[in-house]
Every structure is written in C-alpha cells, then in structure tokens.
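To start, the structure under review is shown below, and the notes come after it.
Coordinate-derived values only; no laboratory data. Because the structure is predicted, anything quoted here is derived from the model rather than measured. When we count neighbours, we look across all protein chains shown, and the Cβ atoms used for this are built from the backbone with ideal geometry, even at glycine.
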Amino acid sequence: MNGKSYPKTKILAITIVALALILCLGGALAHPQSWHVDDDLKDYPGAKFTKIQDAIDGASEGDEIIVHPGTYRENVVVNKKVTLKGIDHPTVDASLKGSAVVIDVNGCVLDGFKAVNSEWAKDLEVLNAGILVKSDKNLITGNDVSDNFSGILLSNSSNNTITGNDLSKNLIGIFLVDSSDNTITGNNTSSNYKLGIDLVDSSDNTITGNYVSTNEYGIGLAFSSNNTLKKNEMRDNKYNFGVDGVELSHYIQEIDRSNTVDGRPIYYLVNETDKTISSDSNAGYVAAINCRNIVVNDLTLTNNVSGVLFVHTKDSKIENVDISKNFIGVFFSDSSNNTITANDVSKNYSGISLDDSSNDNLFYHNNLIDNTVQASDRGKNSWDAGSTEGGNHWSNHRCRGNPNDGEPYQINSDSIDYYPFEDRNGWDGISRFWFLPPMLIAIFVIALIVILIRRP
C-alpha cells in the first residue's frame, strides 16, 4: 500500500483528543445565552430582535430572552423551554386575536410583562387569555394582565406557580380548568368583570395570600376537590366566596379561618360534630360539609354565593341569623332533619334553596323579604310548625292573621306554608293564652268581666 501505517496507540490518542474537543465544544454551545428584544431599537440598540416570537424561534432550550420596553403586537407562543424577562413591563398586545402569550412547553418562566387584549371567547370550546398556560412546571410572576377574557388561564396544566401578578378588567382574573397541583399565591385580582379567581374541575391546588376585591364574584370553586385556601382576603365583591358541586367530594376542601370576607373569617366545617358558630366567631361565611349537630346563630351573613351552606349535614340548626344580599341565602344539598327558625332572609337572589336530596327539614318563624325567588324546594320539607306556632312571613304574600289559617303560601305543589304570618315577626304577637288549657282561659275571661262590672 502507498501510505503510512500508524501505531494503534497513536490512533487511540488522536481519537481521545478529538472526543474531548467535541465534548468541550458541545458544552460551550449548550451554555444558556441571553437574547435581547427591542421593538424600536431605542432602549437597546444592540438587540438582535424586534419581535418576541423571532427571539423565541432563534433561541435554544434554556436561553434567556430579555424584552425591553415597548408594545409588541403579536401572539407569542412559547414552544421551547426559555425564560422571558420583561424590563419595565413591555406590553404584549393580542389585538383581539387569540391569546397574548401561550406557554406550550414545560419549565418556562414569564416575568414582568403586560398581557392585554386577547380575543374574547365566542364559545367555551376555545378559551383565550392574556397568559394561557397549557403545560406544566412553569413560573408566571410579576405580570400585569388586563382587558382579556381570562387574565391567566391554566388549562389541563399542573405544578405551576402563579405569583405576584396584577389582574384587572378581565372577565375572569385567574381561571383554572382541569388543572391540579398548582400554587396561586400573592396575586392581586381586582375589578374584573365576573370572577377574581375561579376553579372548575380543578383539584389539589393551593390558593394562598391573594387579594381579591371589587369583582362580581371573589373566589369560586366549582366541581373541584381537595383544594387548600389560606390567608386570602376577599373584600367588596358582590359575592365574595362560594363553593358549588354535584357530589360530596366537590365540597371537601381545606379552607381555614385565615381566609376573610369583608374582614371577617370564613368558617368552613368538614366532618365536624357538635359545633356552634355564634356571634363571638364574627363569621362572615359559614359552611357545614358532612357535619352533624351544628348550630349557627346570632350572625350577619352577607355578600357571598351562599350565606349558609349545608351539604350532607343533619340534625343542625340555623337561628337568629340575618342573611342578606347573597346569591342564595340558605342552600341545602343532601341535608336533612335540620331546623331553620327566627332568621331574616332578605334581598338575596334566592332566599332559601333545597335540592331534591334534602328532606325532613323544618322552616318556621323566618322573615323572607324581597328575595327575587323567595324559596325553592325540590325535596319534601315542612314550612310551618302547625296551626299554633305557624309558619313564616313572606313579603310577597298578602294574608290576614298571625298566623293565618286559610291563605297558605305555596312554594310549589308539594311545599306549602299552611300558616303564614301577615306581619314581620308576627309570631312575637302570638297570644300566650294559646299555650294555656281552655279551662284556665275561660276562668281568666270570667274574672276579667267581673272586675270590669264591679268597677265604679
């Protein structure tokens, strides 16, 4: 052969050196880089990009993209693991088309942006947001999000941290759908048109230290289980707080008294027995979930989705409570053998509502005044305590007598107050003589007549 023959040891040495060079070069290439974006190249003339999406497309996994002040009219799709850092809150404006920012991959950071003008949903199949998260383990922090259908929307997403964001003038501030194990902490969700924070079909999330004010609804949990709420302040919302569901598990939550509505603590009892929530508690919201022998008395409960919520609760009592300006004053689900008496239930959308699994509850001596729907009862319950004690006062029912006998108040064909009261608190005027035996009443009347006859 024409050529030189190299010893095997020399070939091995050359191979090792070549591999080392490749590894070193690869390490250098893999080191995260920082890229700058400036829409007009005035704040950072050396920026390589004028659009955020171009920077993402040109970046590698793990890179940092620094975005300088300006307005970026684009729909940003984060499709690789990067950190986006805004300087002085640059604005991403979706111009009413799609979402402003969509995070499609795991492990991203979005810090310090304004996200505005996402497209409002035409139907619930396609939801847009200022910041739409469709992946896991992301950090969304320090953003201002406004004028969107949803401010921050987590869709089928888990293990994200949403912290230190300001959300206003959205239909919904923070919206979780089919999302679990997320942390929502230290956000300000104020002046959104519908909801401050809303969870739907979302479980095992931690909601802590958020300020939620001047929305129509503050914090709402629907069809969601095992969420933890601590130190959230809800204030000046039309309806501060509410939980909704169709089965017991949807109401099992860890919600302690560090959560407040208009400065007063939430009492959310789960699996409790023999408890009294009275005036000394200063409670602003009361729920009893899977409880027995609970007494709720001497309170004022206003501006929540439900003033008092009983779910799978029995042998309990609600008495002398002023329940007003809630969506539903008293709501029972799968709750039986409870007594509701001496309450003022007024100016709620629905005064008292019972589902079809709530039976054998007794309602009497309550004032139901100016509720849009005074009461709805899909179970089988009693709305009076008989002809002597009577039933309730209904502001939309004209009758004579305290109680009346012969002009019943009909809630539906099966739910009737047979002995309603003409006057508010008309039971205070029930003659004490009714409780005496007829013979004693006769003797008293005769004695009174004799005295009157003998008077000079």
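Structure above, values below:
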{"item": "Option label - Rg and Dmax of the Cα atoms in Å computed here, alternatives [x] 22.7, 80; [y] 22.0, 66; [z] 32.5, 157", "result": "[z]"}
{"item": "C-alpha center-to-center spacing [the stretch 137-188, the stretch 220-250] in angstrom", "result": "16 Å"}
{"item": "The stretch 348-396 shape via C-alpha gyration tensor axes, a/c threshold 1.5", "result": "oblate"}
{"item": "Calculated P(r) tail over 24 Å for the stretch 166-260, as whole % of Cα pairs", "result": "9 percent"}
{"item": "Within the chain, longest stretch free of exposed GluC sites (Glu not before Pro) [DSSP loop, at most 11 other beta carbons within 10 Å]", "result": "126-456"}
{"item": "Nonlocal amide H pairs with VAL77, under 5 Å, H built at 1.01 Å", "result": "VAL102"}
{"item": "Cα centre as origin, Lys/Arg/Asp/Glu Cβ charges: the chain dipole, Debye", "result": "820 debye"}
{"item": "Gain upon complete extension [LYS169, ASP236; 0.36 nm per residue less C-alpha separation]", "result": "22.6 nm"}
{"item": "Charge dipole (the stretch 33-237, unit charges on Cβ, about Cα centre) - positive-most of ILE87, GLN53, ASN187", "result": "ASN187"}
{"item": "Prolate/oblate/rounded label for the stretch 29-159 (Cα gyration tensor, a/c 1.5)", "result": "oblate"}
{"item": "Residue list for the stretch 336-350, given a label point 7 angstrom along the Cα-to-Cβ vector of ASN297 and an amide N cut-off under 13 Å", "result": "339-343"}
{"item": "Violating pairs (Cα-Cα greater than 20 angstrom) within the set LYS231/LYS314; LYS122/LYS169; LYS238/LYS325; LYS231/LYS347; LYS80/LYS137", "result": "LYS231/LYS314; LYS231/LYS347"}
{"item": "Length-normalised contact order of the chain in % [C-alpha pairs under 8 Å, at least 6 apart]", "result": "5 percent"}
{"item": "Per-selection metrics, the stretch 264-456 (Cα): Rg and Dmax in Å", "result": "19.1, 69"}
{"item": "DSSP-assigned coil residues among chymotrypsin sites (Phe, Trp or Tyr not before Pro) in the stretch 80-155, each with at most 12 further Cβ atoms within 10 Å", "result": "none"}
{"item": "For HIS312, residues with placed amide H under 5 Å, excluding near neighbours", "result": "ASN290, SER333, ASP334, SER335"}
{"item": "Extension reserve of the SER34-SER60 stretch, reckoned as 0.36 nm per residue once the Cα distance is removed", "result": "8.4 nm"}
{"item": "Residues HIS89 and ASN412, FRET efficiency given R0 of 60 Å [Cβ-Cβ distance, rounded to 0.05]", "result": "0.60"}
